[in-house]
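Reading through the C-alpha coordinates given below for one structure.
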(Lines give C-alpha, C1' and ligand atoms only; values in the text may rest on other atoms or scores of the structure.)
Protein backbone atom coordinates (compact mmCIF):
# COMPACT_ATOMS: atom_id res chain seq x y z
CA UNK A 1 0.00 0.00 0.00
CA UNK A 2 2.84 2.38 0.85
CA UNK A 3 4.45 1.74 -2.53
CA UNK A 4 1.14 2.39 -4.30
CA UNK A 5 0.64 5.63 -2.38
CA UNK A 6 4.18 6.79 -3.20
CA UNK A 7 3.68 5.95 -6.88
CA UNK A 8 0.39 7.86 -6.90
CA UNK A 9 2.00 10.94 -5.30
CA UNK A 10 4.87 10.71 -7.79
CA UNK A 11 2.36 10.56 -10.65
CA UNK A 12 0.47 13.61 -9.32
CA UNK A 13 3.73 15.59 -9.17
CA UNK A 14 5.38 14.33 -12.35
CA UNK A 15 2.46 15.01 -14.71
CA UNK A 16 2.26 18.79 -13.99
CA UNK A 17 6.04 19.09 -14.36
CA UNK A 18 5.90 17.28 -17.70
CA UNK A 19 2.88 19.33 -18.80
CA UNK A 20 4.56 22.64 -17.94
CA UNK A 21 7.41 21.80 -20.30
CA UNK A 22 4.93 21.27 -23.17
CA UNK A 23 3.59 24.83 -23.02
CA UNK A 24 4.83 27.15 -25.78
CA UNK A 25 6.29 30.46 -24.62
CA UNK A 26 5.99 33.67 -26.69
CA UNK A 27 7.34 37.18 -26.31
CA UNK A 28 4.16 39.20 -25.73
CA UNK A 29 5.75 42.29 -24.16
CA UNK A 30 5.57 45.24 -26.59
CA UNK A 31 8.45 47.65 -27.13
CA UNK A 32 8.20 51.35 -26.45
CA UNK A 33 6.14 53.25 -23.91
CA UNK A 34 3.80 51.20 -21.74
CA UNK A 35 1.61 52.02 -18.75
CA UNK A 36 3.54 52.03 -15.48
CA UNK A 37 3.32 49.04 -13.15
CA UNK A 38 -0.08 48.89 -11.50
CA UNK A 39 -1.36 47.15 -8.35
CA UNK A 40 -2.88 43.73 -8.84
CA UNK A 41 -2.24 41.45 -11.81
CA UNK A 42 -3.94 41.65 -15.21
CA UNK A 43 -4.03 38.74 -17.65
CA UNK A 44 -4.83 39.13 -21.34
CA UNK A 45 -6.67 35.98 -22.43
CA UNK A 46 -6.86 35.34 -26.17
CA UNK A 47 -8.72 32.77 -28.23
CA UNK A 48 -6.97 32.63 -31.60
CA UNK A 49 -8.85 31.63 -34.76
CA UNK A 50 -5.70 30.19 -36.31
CA UNK A 51 -6.33 27.22 -38.62
CA UNK A 52 -2.64 26.39 -39.01
CA UNK A 53 -2.81 23.21 -36.88
CA UNK A 54 -6.00 21.94 -38.56
CA UNK A 55 -6.10 19.74 -41.63
CA UNK A 56 -8.92 19.95 -44.18
CA UNK A 57 -11.02 17.27 -42.47
CA UNK A 58 -10.68 18.96 -39.07
CA UNK A 59 -11.68 22.32 -40.56
CA UNK A 60 -14.83 20.73 -41.95
CA UNK A 61 -15.62 18.91 -38.68
CA UNK A 62 -15.24 22.12 -36.67
CA UNK A 63 -16.88 24.37 -39.32
CA UNK A 64 -13.98 26.81 -39.08
CA UNK A 65 -13.81 27.55 -42.80
CA UNK A 66 -10.59 27.90 -44.71
CA UNK A 67 -7.71 30.34 -44.50
CA UNK A 68 -8.86 33.71 -43.17
CA UNK A 69 -5.84 35.57 -44.48
CA UNK A 70 -3.97 35.86 -41.20
CA UNK A 71 -4.71 34.92 -37.62
CA UNK A 72 -7.28 36.94 -35.71
CA UNK A 73 -8.82 36.65 -32.28
CA UNK A 74 -12.31 35.28 -31.67
CA UNK A 75 -11.99 35.88 -27.93
CA UNK A 76 -10.33 38.74 -26.04
CA UNK A 77 -10.64 38.92 -22.26
CA UNK A 78 -8.95 40.84 -19.47
CA UNK A 79 -8.80 39.14 -16.07
CA UNK A 80 -7.79 41.45 -13.23
CA UNK A 81 -6.75 39.74 -10.01
CA UNK A 82 -6.72 42.22 -7.16
CA UNK A 83 -7.12 42.89 -3.46
CA UNK A 84 -10.84 43.05 -4.22
CA UNK A 85 -12.97 40.61 -6.21
CA UNK A 86 -11.39 39.34 -9.45
CA UNK A 87 -12.89 40.94 -12.56
CA UNK A 88 -13.23 39.32 -15.99
CA UNK A 89 -14.01 41.70 -18.87
CA UNK A 90 -14.77 40.68 -22.45
CA UNK A 91 -13.67 42.94 -25.30
CA UNK A 92 -15.80 42.09 -28.37
CA UNK A 93 -13.59 41.31 -31.34
CA UNK A 94 -15.20 44.03 -33.50
CA UNK A 95 -14.58 46.79 -30.95
CA UNK A 96 -13.35 49.93 -32.79
CA UNK A 97 -9.93 50.98 -31.48
CA UNK A 98 -6.73 52.70 -32.54
CA UNK A 99 -4.12 50.08 -33.43
CA UNK A 100 -0.58 51.50 -33.22
CA UNK A 101 0.78 51.98 -36.72
CA UNK A 102 -2.52 51.05 -38.38
CA UNK A 103 -5.08 53.61 -37.27
CA UNK A 104 -8.72 53.03 -36.41
CA UNK A 105 -10.04 49.51 -37.03
CA UNK A 106 -11.41 46.42 -35.26
CA UNK A 107 -9.36 45.19 -32.32
CA UNK A 108 -9.16 41.57 -33.49
CA UNK A 109 -7.12 42.58 -36.54
CA UNK A 110 -4.20 43.54 -34.26
CA UNK A 111 -3.40 39.84 -34.04
CA UNK A 112 -3.08 39.32 -37.79
CA UNK A 113 -0.77 40.57 -40.50
CA UNK A 114 3.00 40.49 -40.79
CA UNK A 115 3.48 42.97 -37.95
CA UNK A 116 0.62 41.61 -35.82
CA UNK A 117 0.54 39.04 -33.06
CA UNK A 118 0.68 38.99 -29.25
CA UNK A 119 2.89 42.07 -28.92
CA UNK A 120 0.70 44.30 -31.08
CA UNK A 121 -2.48 43.05 -29.43
CA UNK A 122 -1.06 43.72 -25.95
CA UNK A 123 0.08 47.18 -27.06
CA UNK A 124 -3.35 47.90 -28.57
CA UNK A 125 -5.16 46.88 -25.38
CA UNK A 126 -2.80 48.91 -23.21
CA UNK A 127 -2.94 52.05 -25.37
CA UNK A 128 -6.74 52.01 -25.57
CA UNK A 129 -7.48 51.19 -21.93
CA UNK A 130 -4.49 52.44 -19.95
CA UNK A 131 -4.44 49.02 -18.22
CA UNK A 132 -1.04 47.34 -18.08
CA UNK A 133 -1.07 43.71 -19.20
CA UNK A 134 1.11 41.62 -16.88
CA UNK A 135 0.53 38.12 -18.27
CA UNK A 136 -0.53 36.68 -21.62
CA UNK A 137 -2.48 33.42 -22.19
CA UNK A 138 -3.59 32.14 -25.62
CA UNK A 139 -5.43 29.06 -26.90
CA UNK A 140 -6.36 28.17 -30.50
CA UNK A 141 -9.35 26.37 -32.05
CA UNK A 142 -7.78 22.91 -31.95
CA UNK A 143 -6.49 23.39 -28.43
CA UNK A 144 -9.89 24.49 -27.17
CA UNK A 145 -11.55 21.35 -28.53
CA UNK A 146 -8.79 19.15 -27.11
CA UNK A 147 -9.16 20.66 -23.63
CA UNK A 148 -12.93 20.11 -23.55
CA UNK A 149 -12.64 16.56 -24.87
CA UNK A 150 -9.87 15.86 -22.34
CA UNK A 151 -12.30 16.79 -19.58
CA UNK A 152 -14.93 14.46 -20.99
CA UNK A 153 -17.12 17.35 -22.15
CA UNK A 154 -18.72 20.30 -20.34
CA UNK A 155 -22.22 21.53 -19.57
CA UNK A 156 -23.72 24.58 -21.32
CA UNK A 157 -27.18 26.08 -20.80
CA UNK A 158 -28.45 28.07 -23.82
CA UNK A 159 -31.70 29.96 -23.24
CA UNK A 160 -32.96 28.99 -26.68
CA UNK A 161 -32.25 26.42 -29.36
CA UNK A 162 -29.41 27.39 -31.70
CA UNK A 163 -28.96 26.22 -35.28
CA UNK A 164 -25.99 27.93 -36.90
CA UNK A 165 -24.36 26.07 -39.83
CA UNK A 166 -21.57 28.67 -39.98
CA UNK A 167 -20.45 27.66 -36.48
CA UNK A 168 -21.30 23.98 -36.98
CA UNK A 169 -23.83 24.16 -34.14
CA UNK A 170 -27.28 22.62 -33.70
CA UNK A 171 -28.34 22.31 -30.05
CA UNK A 172 -31.57 22.47 -28.07
CA UNK A 173 -32.43 24.97 -25.35
CA UNK A 174 -31.57 24.12 -21.75
CA UNK A 175 -28.63 22.62 -19.89
CA UNK A 176 -26.83 19.79 -21.67
CA UNK A 177 -23.45 18.09 -22.00
CA UNK A 178 -21.45 18.97 -25.10
CA UNK A 179 -18.14 17.73 -26.48
CA UNK A 180 -15.29 19.85 -27.79
CA UNK A 181 -16.62 20.60 -31.28
CA UNK A 182 -20.04 21.66 -29.97
CA UNK A 183 -18.47 23.74 -27.20
CA UNK A 184 -16.36 25.53 -29.81
CA UNK A 185 -19.44 26.20 -31.95
CA UNK A 186 -21.30 27.53 -28.92
CA UNK A 187 -18.41 29.90 -28.14
CA UNK A 188 -18.18 31.05 -31.78
CA UNK A 189 -21.79 31.52 -32.89
CA UNK A 190 -23.18 35.03 -33.29
CA UNK A 191 -26.65 33.93 -34.34
CA UNK A 192 -28.39 36.18 -31.81
CA UNK A 193 -30.22 39.51 -31.78
CA UNK A 194 -27.23 41.13 -30.03
CA UNK A 195 -24.70 39.10 -32.06
CA UNK A 196 -21.24 39.51 -30.52
CA UNK A 197 -22.56 40.77 -27.17
CA UNK A 198 -24.36 37.49 -26.58
CA UNK A 199 -21.42 35.54 -27.93
CA UNK A 200 -18.99 37.00 -25.38
CA UNK A 201 -21.41 36.00 -22.60
CA UNK A 202 -21.41 32.45 -23.96
CA UNK A 203 -17.63 32.48 -24.10
CA UNK A 204 -17.46 33.36 -20.42
CA UNK A 205 -20.01 30.61 -19.70
CA UNK A 206 -17.85 28.06 -21.54
CA UNK A 207 -14.71 29.19 -19.71
CA UNK A 208 -16.55 28.79 -16.42
CA UNK A 209 -17.75 25.32 -17.36
CA UNK A 210 -14.19 24.27 -18.26
CA UNK A 211 -12.89 25.64 -14.96
CA UNK A 212 -15.58 23.88 -12.93
CA UNK A 213 -15.02 20.53 -14.64
CA UNK A 214 -11.23 20.83 -14.37
CA UNK A 215 -11.45 21.66 -10.65
CA UNK A 216 -13.67 18.67 -9.92
CA UNK A 217 -12.17 16.08 -7.50
CA UNK A 218 -12.77 13.51 -10.24
CA UNK A 219 -10.01 15.16 -12.28
CA UNK A 220 -7.46 14.10 -9.65
CA UNK A 221 -9.09 10.80 -8.69
CA UNK A 222 -9.28 9.57 -12.29
CA UNK A 223 -5.67 9.15 -13.53
CA UNK A 224 -6.70 9.07 -17.20
CA UNK A 225 -8.69 12.28 -16.91
CA UNK A 226 -5.90 13.88 -14.84
CA UNK A 227 -3.30 13.09 -17.49
CA UNK A 228 -5.57 14.05 -20.42
CA UNK A 229 -6.63 17.33 -18.79
CA UNK A 230 -3.13 18.52 -17.97
CA UNK A 231 -1.65 17.16 -21.17
CA UNK A 232 -4.28 18.63 -23.49
CA UNK A 233 -4.27 21.95 -21.67
CA UNK A 234 -0.50 22.27 -21.76
CA UNK A 235 -0.18 21.32 -25.41
CA UNK A 236 -2.88 23.81 -26.35
CA UNK A 237 -1.53 26.93 -24.66
CA UNK A 238 0.83 29.73 -25.59
CA UNK A 239 1.84 31.98 -22.72
CA UNK A 240 4.03 35.02 -22.25
CA UNK A 241 7.68 34.43 -21.45
CA UNK A 242 7.26 36.04 -18.02
CA UNK A 243 4.36 33.79 -17.00
CA UNK A 244 5.45 31.24 -14.40
CA UNK A 245 3.74 28.15 -12.99
CA UNK A 246 2.37 30.08 -10.00
CA UNK A 247 0.98 32.76 -12.34
CA UNK A 248 -0.83 30.07 -14.35
CA UNK A 249 -2.27 28.41 -11.24
CA UNK A 250 -3.40 31.78 -9.91
CA UNK A 251 -4.98 32.50 -13.28
CA UNK A 252 -6.95 29.26 -13.21
CA UNK A 253 -8.14 29.71 -9.63
CA UNK A 254 -9.36 33.25 -10.25
CA UNK A 255 -11.06 32.37 -13.53
CA UNK A 256 -13.00 29.74 -11.58
CA UNK A 257 -13.86 32.29 -8.89
CA UNK A 258 -15.28 34.71 -11.43
CA UNK A 259 -17.32 32.17 -13.31
CA UNK A 260 -18.69 30.62 -10.09
CA UNK A 261 -20.06 33.98 -8.97
CA UNK A 262 -17.28 34.98 -6.55
CA UNK A 263 -16.04 37.74 -8.85
CA UNK A 264 -17.25 40.22 -11.46
CA UNK A 265 -18.09 39.27 -15.05
CA UNK A 266 -18.57 42.06 -17.60
CA UNK A 267 -18.39 43.14 -21.20
CA UNK A 268 -16.56 46.38 -21.94
CA UNK A 269 -19.13 49.25 -21.64
CA UNK A 270 -20.81 49.93 -24.98
CA UNK A 271 -23.92 51.29 -26.64
CA UNK A 272 -24.05 48.67 -29.36
CA UNK A 273 -27.04 48.12 -31.65
CA UNK A 274 -27.62 45.03 -33.79
CA UNK A 275 -25.59 46.58 -36.62
CA UNK A 276 -22.97 48.83 -34.99
CA UNK A 277 -20.61 48.23 -32.07
CA UNK A 278 -19.79 51.51 -30.28
CA UNK A 279 -17.90 51.85 -27.01
CA UNK A 280 -19.47 53.90 -24.22
CA UNK A 281 -16.34 55.95 -23.56
CA UNK A 282 -17.55 57.65 -20.38
CA UNK A 283 -18.50 54.43 -18.61
CA UNK A 284 -15.54 52.55 -20.08
CA UNK A 285 -13.05 55.10 -18.76
CA UNK A 286 -14.61 54.87 -15.30
CA UNK A 287 -14.31 51.08 -15.32
CA UNK A 288 -10.74 51.16 -16.67
CA UNK A 289 -9.73 53.65 -13.95
CA UNK A 290 -11.03 51.38 -11.18
CA UNK A 291 -9.12 48.42 -12.63
CA UNK A 292 -5.94 50.50 -12.98
CA UNK A 293 -6.22 51.62 -9.36
CA UNK A 294 -7.05 48.08 -8.16
CA UNK A 295 -10.43 49.16 -6.78
CA UNK A 296 -12.63 46.40 -8.17
CA UNK A 297 -14.59 46.38 -4.90
CA UNK A 298 -16.02 49.75 -6.05
CA UNK A 299 -17.20 48.50 -9.46
CA UNK A 300 -20.99 48.59 -9.45
CA UNK A 301 -23.77 47.32 -11.70
CA UNK A 302 -23.82 50.53 -13.73
CA UNK A 303 -20.31 49.78 -15.04
CA UNK A 304 -20.18 45.99 -15.00
CA UNK A 305 -22.99 44.34 -16.98
CA UNK A 306 -23.19 41.05 -18.89
CA UNK A 307 -23.66 42.75 -22.26
CA UNK A 308 -21.74 45.94 -21.45
CA UNK A 309 -24.82 48.04 -22.12
CA UNK A 310 -26.28 50.38 -19.50
CA UNK A 311 -28.37 48.51 -16.92
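The values are calculated or read from the model by the stated rules, or taken from the named source; none is laboratory data. Everything numeric here is computed off the predicted structure, so don't read it as measured data. Here the Cβ is made from the backbone with ideal geometry for all residues, glycine too, and neighbour counts use every protein chain on show.
Restricting attention to the range 59-77, does a residue exist that is modelled with pLDDT of 90 or more and under 21 Å from the mean Cα position of the chain (by Cα)?
Yes, the range 59-77 contains a residue that is modelled with pLDDT of 90 or more and under 21 Å from the mean Cα position of the chain (by Cα).
Please find, within the range 154-195, the residue that is nearest to the chain's Cα centre (by Cα) out of those that are part of a loop (DSSP other than H, G, I, E, B) and touching a residue at least 60 places away in the same chain (Cβ under 8 Å).
Checking each candidate, the answer is 195.
Could you check the range 279-298 and list, in sequence order, the residues that are in contact with a strand residue (DSSP E or B) (Cβ under 6 Å, 6 or more places away or on another chain) and either under 22 Å from residue 259 (Cβ atoms) or surrounded by fewer than 13 Cβ atoms within 10 Å (Cβ to Cβ) (or both)?
Listed by number, the residues that qualify are 291, 296.
Mind telling me which of the residues 130, 116 ends up being over 18 Å from the mean Cα position of the chain (by Cα) and closer than 20 Å to residue 24 by Cβ?
116
Being modelled with pLDDT under 90 and touching a strand residue (DSSP E or B) at 6+ places or on another chain (Cβ under 8 Å) narrows it down to one of 47, 32, 40, so name that one.
47
Residues 215, 167, 209: which one is in contact with a helix residue (DSSP H, G or I) (Cβ under 6 Å, 6 or more places away or on another chain) and buried (at least 20 other Cβ atoms within 10 Å of the Cβ)?
167
Is at least one residue of the range 201-213 over 15 Å from the mean Cα position of the chain (by Cα), touching a residue at least 60 places away in the same chain (Cβ under 8 Å), under 20 Å from residue 11 (Cβ atoms) and outside any strand (DSSP E or B)?
no
Can you name the residue in the range 85-101 that is part of a loop (DSSP other than H, G, I, E, B) and at pLDDT below 90 and is also surrounded by the most Cβ atoms within 10 Å (Cβ to Cβ) among such residues?
So the residue we want is 92.
Any idea which residue in the range 249-287 is nearest to residue 216 (Cα to Cα), counting only those that are touching a helix residue (DSSP H, G or I) at 6+ places or on another chain (Cβ under 8 Å) and assigned to a loop (DSSP other than H, G, I, E, B)?
Among those residues, the one meeting the criterion is 263.
Do we find a residue being part of a strand (DSSP E or B) and out of contact with any helix residue (DSSP H, G or I) (no Cβ under 7 Å at 6 or more places or on another chain) anywhere in the range 106-126?
Yes, the range 106-126 contains at least one residue that is part of a strand (DSSP E or B) and out of contact with any helix residue (DSSP H, G or I) (no Cβ under 7 Å at 6 or more places or on another chain).
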